[in-house]
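J.: Take a look at this one; I'll ask things after.
The values are calculated or read from the model by the stated rules, or taken from the named source; none is laboratory data. For clarity, every value in this text was computed on a predicted model and none was experimentally measured. Please note: Cβ atoms are built from the backbone with ideal geometry, for glycine as well, and neighbour counts cover all protein chains shown. Surface areas here come from the heavy atoms of the whole protein model, side chains and all, with no ligands, DNA or RNA. Shrake-Rupley method; radii C 1.70, N 1.55, O 1.52, S 1.80 Å.
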Amino acid sequence: ITDTEDDCYRILGAVHSLYKPLPGRFKDYIAMPKANGYQSIHTTLFGMHVNIEIQIRTEEMEHIANKAAHWMYKNEPSSVTSANQARVDRWVKGLMEMRERADDSMEFIEHVKVDLFPDEIYVFTPKGRIMELPSGATPVDFAYAIHTDIGNATVACRINRNLGSLSQPLQSGQTVEIITAPGARPNPAWLSFVVTGKARSSIRHVLKSQKRAESLELGRTLLKKSLKGFGAKLSEISDAQKQAVVNHNQVNSFDDLISDIGLGNRMAYLVARQLASGSEVAEAIEAPRDIEGGNHSPVTIRGTEGLLVRFASCCKPIPGDPVVGVMDSGKGMVIHSDTCSRLPEDDEGRARLTHLKWAKDITDEFSVELRVELERQRGVIAEMANAVAMADGNIERINVEEQN
């Protein structure tokens, strides 16, 4: 324990002149304090029989290390303690934000445990501000460390002025610039590589909100379509009848019931029959009829519906193909080609399918599987790849099989 910061560095020089330091074990938390305000110099030395770990700090730093809130009760806080208080305030505020977004205490613990005692890296903003992040942090973690809104709107990044990958682990000393776009949303794939609790909890919070909104929209569309098959409209159903169906299905609200339909947990036809008939009890399903409301009222899709509308990887439908939707419990709708071999062939199974149609002005890109038969000759694959590129296409995967 020393009196001044200057003494800390003088003592460090003295011990390093007497003993060799262990490489990689020197940490200067005085120049770059931890997020919780902790300051000290850590070094490990080669001893005669055992390695010696030394921590050097001032009296004031020792009080902060032992009791984080020590300076809050001083009558005349110094500039050092004020700076430390600001760091701790930011740290505690981050913990509170994670707690608000977590569904339960176990999820909160999962988010925060990686932030308690991490190995740190130090990176810079374009304006020279130093950001402390745990080892293995990515540009997405960096974006959320700056501000939650910046993280949510992130679309790309520059590392040392060069475009970089959002999943690339950062290194100390790098300068990171985040590129944002209005209307951008977090990608679910980010959860597989972010390491900070704030980034993970923020992404999950946005995805849960997005999933809820999309399930309500899809569920409402499917319910209206099914009601049309009964000659009814959702707007004409009384609040009393809606509440009766809510009570029968044991959910908290009508929105929860619609969300369950969008998630694939409930059948739109059964709920529509309860609403249209006034009966609280749904009995056997009428298999011979189209339980989704008839073939003459297909649901329009654009291909950009979000988390709850996915395209089947088995048949890879593209705009123009006849398509149907299959509800996957808890995950929403999976779109298949009408001729997909994985679709049910019996009448009852076919009746459960949702008939779909494509919107007219679709401009998005879709993956498609092509089978090309070529005569074996030098450079033929390169020629095929060039033809795809000339058509503004991109090859995601290629597989070659030889046949006699």
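J.: For residue 265, enumerate residues with amide H under 5 Å from its amide H, sequence gap 5+ or separate chain, H modeled in the peptide plane.
T.: HN-HN under 5 Å from residue 265: 330.
J.: How many nm is it between the label spots at residue 213 and residue 181, if each spot is 7 Å from the Cα in line with the beta carbon?
T.: So the two model labels end up 1.7 nm from each other.
J.: For the stretch 106-262, just say rounded, prolate or oblate: build the C-alpha gyration tensor, square-root its eigenvalues into a ≥ b ≥ c, call rounded for a/c under 1.5, and beyond that prolate if a/b exceeds b/c, oblate if not.
T.: prolate
J.: If the chain between residue 265 and residue 162 were fully stretched, how many nm would it gain, using 0.36 nm times the residue separation less the Cα-Cα distance?
T.: 32.5 nm
J.: Could I ask something else about it? Considering only protein heavy atoms, what per residue accessible area in square angstrom results for the stretch 309-383 with a 1.4 angstrom probe?
T.: 71
J.: Next question. Between residue 149 and residue 235, what length in nm is gained on full extension when 0.36 nm per residue of separation is reduced by their alpha carbon distance?
T.: 27.3 nm
J.: Extending each Cα 7 Å along its Cβ direction at residue 26 and residue 253, get the distance between those two points in nm, one decimal.
T.: 5.9
J.: Which stretch or stretches of the stretch 343-369 have amide N atoms under 15 Å from the point lying 7 Å from residue 384's Cα along the Cα→Cβ direction?
T.: Answer for this model: 368-369.
J.: Identify all lysines with a Cα-Cα distance to residue 20 below 30 Å; exclude those on the same chain that are fewer than 8 residues away in sequence.
T.: 34
J.: Rounded if a/c is under 1.5, else prolate if a/b is larger than b/c, else oblate: which is the stretch 132-201, with a ≥ b ≥ c the root eigenvalues of its Cα gyration tensor?
T.: Oblate, since a/c reaches 1.5 and b/c is not below a/b.
J.: Also, I was wondering about something else. If R₀ is 30 angstrom, what is the calculated FRET efficiency for the pair residue 125 and residue 371, using the beta carbon separation as r and rounding to 0.05?
T.: In this case the efficiency is close to 0.05.
J.: Taking the alpha-carbon distance from residue 225 and a cut-off under 26 Å, which lysines remain once sequence neighbours fewer than 8 residues away in the same chain are dropped?
T.: Here the lysines satisfying the reach criterion relative to residue 225 are 208, 211, 233, 242, 316, 331, 357, 360.
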